[in-house]
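The values are calculated or read from the model by the stated rules, or taken from the named source; none is laboratory data. Keep in mind the model is a prediction, meaning the values are calculated, not measured. Ideal geometry is used to build each Cβ from the backbone, glycine not excepted, and the neighbour counts take in all protein chains shown. Just so you know, the surface numbers come from the protein's heavy atoms only, side chains and all, with ligands and any DNA or RNA stripped out. Shrake-Rupley method; radii C 1.70, N 1.55, O 1.52, S 1.80 Å.
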Number of protein chains: 2
Amino acid sequence: MSRVFAGIEAGGTKWVCMIASHPGDIHATTRFATTSPEETIGKAIDFIETHAQQAGELSGLGIGSFGPLDLDRNSSTYGYITSTPKSGWAGTDLLCPFQKAFNLPVGFDTDVNAAALGEHRWGAAQGLTDFIYLTVGTGIGGAAVVNQRLVHGMIHPEMGHMNIPHDWDEDPFPGLCPYHGDCLEGLATGPAIRSRWQQPGEEIPPDHAAWVLEAKYLSLGITNLIVAFSPQSIILGGGVMNQAQLFPLIRTKVQELLGGYISAPLILEDIEQYIIPPGLGAQAGVLGAVALAQQAAEKGTFP
Amino acid sequence: MSRVFAGIEAGGTKWVCMIASHPGDIHATTRFATTSPEETIGKAIDFIETHAQQAGELSGLGIGSFGPLDLDRNSSTYGYITSTPKSGWAGTDLLCPFQKAFNLPVGFDTDVNAAALGEHRWGAAQGLTDFIYLTVGTGIGGAAVVNQRLVHGMIHPEMGHMNIPHDWDEDPFPGLCPYHGDCLEGLATGPAIRSRWQQPGEEIPPDHAAWVLEAKYLSLGITNLIVAFSPQSIILGGGVMNQAQLFPLIRTKVQELLGGYISAPLILEDIEQYIIPPGLGAQAGVLGAVALAQQAAEKGTFP
């Protein structure tokens, strides 16, 4: 019986669960709305219990979660969602219920770190040593792989909260971030687009000025990440990036902002191969959780 | 005879050379102005030839240089200074003359990466896995150590060129960066301070508004690095940081900008242990080059 893994993409709006061994061997998938912790975690456990056995030998679980998270293995609250404003979820132990239910290695990381791991293993970042994965949706999250390893640091990156220039004359919208107002996340998420233009992004035509402004803000953040990490690739995922017209706008703006300073052919000449969508598409998150599970099994990492 | 190493801090204004095995065992040091490549490199080689033999067994060299540099070992111009505006230095092969002269392992990296390595080995970052070293002087350079390794990525970081908010009403100074105008480096280097206030920083009193503005710009850059890397420490070196009044101003401003979002005790409560000067002080650069030499000898890395 072949080994399979359970991946859980634990989002603030919905959870996606999958039993798979890799993107070409997916046995089962489900998605459901995020309700209370007890109910949502219970549904994920039920799904895994129901589907894993017939798929193969369940060998590990992976959880890629919205945050902020406690990822410090020496902490008494390792595996917890910490200070989220999401009602009912602050202080939730995500790890322990899965450990109790399955007694298997569990990989646990942020949703965006999981997605980056999935892209590294099976997607657009295969073979790279250094890249950035940025997701732009209801929030903006970023992950970095440096020297082939995910960056965690003291806690974990929170790239959405970068300070970027905000021209108030051009854009009087004050930003939505409850902590920082007009940080990148405050200015450029899906909800910020909807609030600024009084309509959801999905209803704004592709040639609207909204996308030029959106591309500008994302490009300011992306150039900051380029000068900070010198990555070999920037992968842009998340719901807002389904607006495919953003990619060429961002590529041009990033080149303009860098002004030729970084003399790398990938940036100067081949930027359409540098700033790219996820190779795993909309499944980057949950397949990333499967990759977390596989990594945990390889390391034999119990929580 | 004990092993010693030669460190060369190759700056755009001056070079500092040292024969040492560690900060407690320094045998000789010299500094001289940066003139032509031939003359400057010649002086460094003369110094090492003159002083190494009596100090011990010379076992490696390290060069921490101003840049941009070609650090790609597979490139035909590995070891070169590439596109510097510094007259006569673009396209200079820094590595080959030292290799020819000594036929020993040579470590080669940016000046700021070298300083970070020195701080990691002997200075304020001992025992840390993830930290940032930022130097603020005639330019602004940044190095990151992630998972105990220096970040290089595609080329090397150029953190000084981050985009940060610039309030033109508060500060009409347009910035000095020839590529980006008012990027962090354009607004906050020593030359920017001198140009904005029409006097050198050394002559501006510590309670002058100039330092509040300087602290604000540096804090905007530092908070961007905190959310990008989640570092365990931020080390601030370079000539401008000799203005010791900047440290408390920056610490307070960084806390204000983060707005309590990163719930780390080091930031919320102990920030005077988080944003700190180099443990190796003004010798961080050249001792970092000695550390590069030692690392190259450990690895047996020839250029």
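What the table below lists for this structure:
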| item | result |
| --- | --- |
| Per-region count, region B:120-141, residues surrounded by fewer than 23 Cβ atoms within 10 Å (Cβ to Cβ) and over 22 Å from B:His22 (Cβ atoms) | 4 |
| Residue in region A:249-270 that is touching a strand residue (DSSP E or B) at 6+ places or on another chain (Cβ under 8 Å) and over 23 Å from B:Thr84 (Cα atoms) present | yes |
| Residues of region B:166-199 satisfying the condition of being surrounded by fewer than 16 Cβ atoms within 10 Å (Cβ to Cβ), free of Cβ contacts under 8 Å to residues at least 24 places away in the same chain and more than 20 Å from B:Met241 (Cβ to Cβ) | B:Asp167, B:Trp168, B:Asp169, B:Pro172, B:Pro174, B:Gly181, B:Gln198 |
| Residue within region B:160-170 that is within 30 Å of B:His22 (Cβ to Cβ), not charged (D, E, K, R) and not assigned by TED's automatic domain parsing to the domain that holds B:His22 present | yes |
| Total residues in region A:13-39, condition open to solvent by less than 30 Å² (accessible area, probe 1.4 Å) and under 20 Å from the mean Cα position of the chain (by Cα) | 8 |
| Qualifying position, being on the phi < 0 side of the Ramachandran plot and surrounded by fewer than 21 Cβ atoms within 10 Å (Cβ to Cβ), among B:Asp93, B:Asp70, B:Asp109 | B:Asp93 |
| Filtered residue count, region A:142-153, keeping only those that are within 7 Å of chain B (Cβ to nearest Cβ), open to solvent by less than 30 Å² (accessible area, probe 1.4 Å) and either assigned to a strand (DSSP E or B) or acidic (Asp, Glu) (or both) | 1 |
| Any hit, region B:154-164, residues being open to solvent by 20 Å² or more (accessible area, probe 1.4 Å) and in contact with a strand residue (DSSP E or B) (Cβ under 6 Å, 6 or more places away or on another chain) | no |
| Filter result for the condition that a residue is under 30 Å from B:Leu104 (Cβ atoms) and β-branched (Val, Ile, Thr), over B:Val240, B:Val290, B:Val227 | B:Val290 |
| Residue tally, condition within 17 Å of B:Glu38 (Cβ to Cβ) and open to solvent by less than 40 Å² (accessible area, probe 1.4 Å), over region B:73-90 | 4 |
| Any chance A:Thr50 is closer than 27 Å to A:Gly160 by Cβ and without any contact (Cβ under 8 Å) to a residue 60 or more places away in the chain | no |
| Lone unmet requirement of (1) buried (at least 22 other Cβ atoms within 10 Å of the Cβ); (2) over 15 Å from A:Ser65 (Cβ atoms); (3) aliphatic (A, V, I, L, M) for A:Leu117 | (2) |
| Qualifying residue in region A:8-19 (condition: outside any loop (DSSP other than H, G, I, E, B), small (Gly, Ala, Ser) and touching a residue at least 60 places away in the same chain (Cβ under 8 Å)) | yes |
| Some residue of region B:233-240 being of a type outside the set (Ser, Thr, Tyr), out of contact with any strand residue (DSSP E or B) (no Cβ under 8 Å at 6 or more places or on another chain) and not assigned by TED's automatic domain parsing to the domain that holds B:Ile26 | no |
| Inter-residue pairs, beta-carbon under 9 Å, first more than 20 Å from B:Phe66 (Cα to Cα) and in region B:271-298, second among the hydrophobic types (A, V, I, L, M, F, W, C) and in a loop (DSSP other than H, G, I, E, B), 6+ apart | B:Tyr274/B:Ala264; B:Ile276/B:Ala124; B:Pro277/B:Ala124; B:Pro277/B:Ala244; B:Gly279/B:Ala124; B:Gly279/B:Ala125; B:Ala297/B:Leu104 |
